[in-house]
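This report refers to the structure that appears directly beneath it.
The values are calculated or read from the model by the stated rules, or taken from the named source; none is laboratory data. Keep in mind the model is a prediction, meaning the values are calculated, not measured. All Cβ positions, even for glycine, are placed from backbone atoms using ideal geometry, and neighbour counts span all protein chains on display. To get the accessible areas, we keep the full protein, side chains included, count just its heavy atoms, and leave off ligands, DNA and RNA. Shrake-Rupley method; radii C 1.70, N 1.55, O 1.52, S 1.80 Å.
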Amino acid sequence: RGDHKESLYWGTYRPQVYFGVRARTPQSLVAGLMWLGEKDGNGKHVMRHFCENSDDLKSFGWREHNGIDFGRQELLEQDMILETSFVQSKEGSLGYGGDWSVRINVKNTGLNDEVKRNANLFFYIADEDGNVLNLGKDVLKLKDSSILASGSRADVGNWQMHLKSENHLGTHYCGFKKPDIVNLSDNVQKNLAAQESKSGRLELSDTSENSSSIYVFQISATTQSTIDIALVSGIKGETSDVEKRVMSLTGLPLSNLLEEKHIAFEAKFKECFHLSEKLDSETLVVGKAAIGNMLGGIGYFYGQSKIQVPKSTQLQQPKSESGFLLYWPAELYTAVPSRPVFPRGFLWDEGFHQLLIWRWNIRITLEIVGNWLDLMNIDGWIPREQILGEEALSKIPKEYVVQIPTNGNPPTLLLVIRDLINGIRTDKFKQEERDDIWSFLDRAFVRLGAWFQWFNTSQKGKVLGSYFWHGRDSLTTLQLNPQSLSSGLDDYPRASHPTEDERHVDLRCWMYLAADCMNSITEFLGEKDRLVTTEDYSLTVKLLSDFNLLNQMHYDHDLGAYLDFGNHTEHVRLIWKELVNEDGHLSLELVRETFGKPELRLVPHIGYVSFFPFMFRIIPPGSSILEKQLDLISNRNIVWSDYGLLSLGKTSSLYMKYNTEHEAPYWRGAIWMNMNYMITLFPAPLLYSGWTVQQQGKNHLRGTKEQSDTVYKLACIRNVVKNYDQTGYIWEHYDQTTGTGEGARVFTGWSALILLIMSEEYPLF
């Protein structure tokens, strides 16, 4: 609320594009950058706009970002470097949210600055409300400072966008009536192609449709050029005031402001993460890229989720032919896992994101968690994946769009909330921050309680104290092991034949965390006489922390591991079969065949799921089972590697097995940073019986508080740093045998937790 809300109004809240600015309002003034890259195989220039997960760019990402009013990004083309900086300023502005400025530096990739290369940049401004924009008078005859466009909006008043540069620039433009940003790059390329066929020059047409609400400005420059674009809002009266504000956001004043922001970022990075002086410069660069990309990846989205209609529900309203209903129009302010591949909100990812972000800015965390809780329906269910708006829809396969209201997702937001409560109890926060947390929990408690009840009723198993992830396909003939997407672990192997008899050990542990967190909130707010509730969460905590009951349900004494339970056989294979299609023709397909009778039993797959009782400290410190977990973790024949812990043990029959003909193994061996953080640092050595994961000799583990710089932890850091040095990216997951980065690039969602591993930042208990 108040100044805090206004300070977050403008930002780089368009993570799906290489560079974009918008406000946190449903129909915003939107700006962005496109440029022509190298020619493709057909001799056609590639237009860079939406982030792509390909080798076309050498690398891209935020080097620094503070989450509020500053960021600096580098985009490495094959023959040049684009550096984009963003800064926001309230000084002198009368418009809500203030003014902002973008600096684009065009640099050579080599050391020879004398060699000039041409660059064709396209900067656009669009009004999603459809308000008509006015074209500046000097667009084609640039002066030192020229107005590109202007307009008026209810939120920010009269505004102007100015361009300033001391370099020689060529400019052209085109305007469109409809602000269709999803197809903007295609429309611009059509305009360029038409002009090229007429004049032989790659220039925009210098024309616009009537009542244009979007303008694209082509800026032709050479390397070693600097271009400043400033937007000033709330303009009233004298032009001298506008000129003064533009001057303060361009040229030398902008250089000074960016330098101030850079120094402040460096100081806050040191203050927040206390990295050891022993860490080398390459490691520090990766740490800054982790937090910079996490904060620079925060986006604002607005739209309506598509929800599957429950088959048992008799709806009074007409049902869509597509089998889905629209959720209410909603906004979401959230970090995203990966700008090129997953530029949208993911529920279970967000809890991991906030473990890092709250240490940087607690108010951003409260804002984001609050946004997610506001997406809860009357049943207490939150859609696990948020595809809001046309831009988000354009980046996702259709089969993943519709959300299923019987399926959950791990309640990782409670990891953060429990962290905050314990942070207050250990005097981690200033008084103002403590008050903000108290106020937030007071207002969020009803929603959090509803969320807990949804899980505790909809995901419970047949046996008291058991739970299972809903949504597995019991009828599939294609999947080797039916996926559990709702668990977040996708193709991690569960019981071969899904039934309601299943018990998932990871969900049981999540429910222990949820109950414990709700119990802590109840006690915490009760101390302040700010809570009235009839729910006794301590009873659920007692049930789910019962070590004997846990072992009866999930512990395999022969393997020394915690396992799922369900209707299972190991004798399932994918085999090629000739099948008759609907048209009567034969086709060869890879289908699932069962060769043995399934039976209710523990499911013999050791991997990340097996270590959830260890992560959540349900195992008593003096138990021999705790030592057995450490033995499993350190065993090179199971999950230990030189690069991190494997998601699935090498002893599993499904280790690195394809799930269908085209679905490569995902959580079946690859190394994932969120689970590595949870397993190695969650049981903090100073708080959990002095144990720390350490390899001594031939896979022998010792509990030693003193030697916290473990072989394992350092190997994990070294591998992420090595990959970043080689590729310029932090990756989604890492190969189990070579340590090579795989999957999505710029995966500075939970892979950014490498920074907390570097700084030995443990969750607070």
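Conditions tested, residue by residue: (1) assigned to a loop (DSSP other than H, G, I, E, B); (2) at pLDDT 95 or above.
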| residue | (1), (2) |
| --- | --- |
| Trp438 | no, no |
| Arg443 | no, no |
| Trp454 | no, yes |
| Val463 | yes, yes |
| Trp469 | yes, yes |
| Arg472 | yes, yes |
| Thr476 | yes, no |
| Ser486 | no, yes |
| Leu489 | yes, yes |
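Is it the case that some residue within region 692-711 is of a type in the set (D, E, K, R), within 29 Å of Asp490 (Cβ to Cβ) and either outside any helix (DSSP H, G or I) or modelled with pLDDT under 95 (or both)? The answer is no; no qualifying residue exists. Out of Asn637, Asn674, one residue alone is at pLDDT 95 or above, more than 14 Å from Leu559 (Cβ to Cβ) and of a type in the set (S, T, N, Q). It is Asn674.
The selection criterion, being surrounded by fewer than 19 Cβ atoms within 10 Å (Cβ to Cβ) and closer than 18 Å to Gly136 by Cα, holds for Ser208.
Selection over region 648-663 of residues that are free of Cβ contacts under 8 Å to residues at least 12 places away in the same chain and either outside any loop (DSSP other than H, G, I, E, B) or surrounded by 15 or more Cβ atoms within 10 Å (Cβ to Cβ) (or both) gives a count of 0. Residues that are open to solvent by 10 Å² or more (accessible area, probe 1.4 Å), closer than 20 Å to Tyr467 by Cβ and out of contact with any Leu (no Cβ under 8 Å at 6 or more places or on another chain) within region 375-402 comprise Met376, Asp379, listed in sequence order.
For region 515-554, taking the residues that are of a type in the set (Asp, Glu) and in contact with a helix residue (DSSP H, G or I) (Cβ under 8 Å, 6 or more places away or on another chain), the one that is modelled with the highest pLDDT is identified as Asp516. Filtering region 575-609 to residues that are open to solvent by less than 40 Å² (accessible area, probe 1.4 Å) and in contact with a Ser or Thr (Cβ under 9 Å, 6 or more places away or on another chain) leaves Leu590, Val591, Arg592, Gly596, Pro598, Val603, Pro604, His605, Ile606, Gly607, Tyr608, Val609. Can you find a residue that is among the charged types (D, E, K, R) and in contact with a Cys (Cβ under 9 Å, 6 or more places away or on another chain) anywhere in region 197-207? Yes, there is a match, as at least one residue in region 197-207 is among the charged types (D, E, K, R) and in contact with a Cys (Cβ under 9 Å, 6 or more places away or on another chain). Of all the residues in region 273-313, those that are closer than 22 Å to Lys428 by Cα, part of a helix (DSSP H, G or I) and modelled with pLDDT under 95 number 1. Could you list all residues from region 419-433 that are part of a helix (DSSP H, G or I) and open to solvent by 40 Å² or more (accessible area, probe 1.4 Å)? Hits for region 419-433 are Arg425, Gln431, Glu432, Glu433.
Going by what's in this entry, would His557 be described as surrounded by fewer than 13 Cβ atoms within 10 Å (Cβ to Cβ), farther than 19 Å from Leu475 by Cα and not basic (Lys, Arg)? Yes; evaluated as a whole, the condition is true for this residue. Entry remark, region 199-241: residues being without any contact (Cβ under 8 Å) to a residue 60 or more places away in the chain and in contact with an Asp or Glu (Cβ under 6 Å, 6 or more places away or on another chain) number 0 in total. Taking region 96-111 as the range and being in contact with a Leu (Cβ under 9 Å, 6 or more places away or on another chain), within 20 Å of Ala31 (Cβ to Cβ) and either modelled with pLDDT under 95 or buried (at least 20 other Cβ atoms within 10 Å of the Cβ) (or both) as the test, the residues that pass are Gly97, Asp99, Trp100, Ser101, Val102, Arg103, Ile104, Val106. Looking only at residues in region 726-756 that are part of a loop (DSSP other than H, G, I, E, B) and among the polar types (S, T, N, Q), the one that is surrounded by the most Cβ atoms within 10 Å (Cβ to Cβ) is Thr748.
Of all residues assigned to region 141-150, at least one qualifies as being open to solvent by 40 Å² or more (accessible area, probe 1.4 Å), part of a loop (DSSP other than H, G, I, E, B) and within 24 Å of Met47 (Cβ to Cβ). For first residues located in region 12-26 and closer than 19 Å to Met47 by Cα and touching a residue at least 24 places away in the same chain (Cβ under 8 Å), partners that are charged (D, E, K, R) and assigned to a strand (DSSP E or B) and lie 6+ apart or on another chain with Cβ distances below 8 Å form the pairs Arg14/Arg22; Tyr18/Arg48.
Filtering region 161-180 for residues that are farther than 17 Å from Val30 by Cβ, assigned to a loop (DSSP other than H, G, I, E, B) and touching a helix residue (DSSP H, G or I) at 6+ places or on another chain (Cβ under 8 Å) leaves a non-empty set.
Pairs meeting the criteria (first residue in region 179-192 and within 18 Å of Glu391 (Cβ to Cβ), second residue part of a loop (DSSP other than H, G, I, E, B) and of a type in the set (S, T, N, Q), beta carbons under 8 Å, at least 6 apart or on different chains) are Pro179/Ser213; Val182/Ser394. Just name the residue that is nearest to Pro179 (Cα to Cα) out of those in region 372-418 that are polar (S, T, N, Q) and in a loop (DSSP other than H, G, I, E, B). Among them, the one singled out is Ser394. Scanning region 226-269 for residues that are over 20 Å from Ser165 (Cα atoms), in contact with a Leu (Cβ under 7 Å, 6 or more places away or on another chain) and open to solvent by less than 60 Å² (accessible area, probe 1.4 Å) gives a single hit, Gly234.
With respect to Ile625, is the statement that it is open to solvent by 10 Å² or more (accessible area, probe 1.4 Å), within 29 Å of Leu544 (Cβ to Cβ) and in contact with a Ser or Thr (Cβ under 9 Å, 6 or more places away or on another chain) true? Considered against the rule, which asks whether it is open to solvent by 10 Å² or more (accessible area, probe 1.4 Å), within 29 Å of Leu544 (Cβ to Cβ) and in contact with a Ser or Thr (Cβ under 9 Å, 6 or more places away or on another chain), Ile625 comes out as no. Among the numbered conditions (1) assigned to a strand (DSSP E or B); (2) modelled with pLDDT of 95 or more, the only one that Ala221 does not meet is (2).
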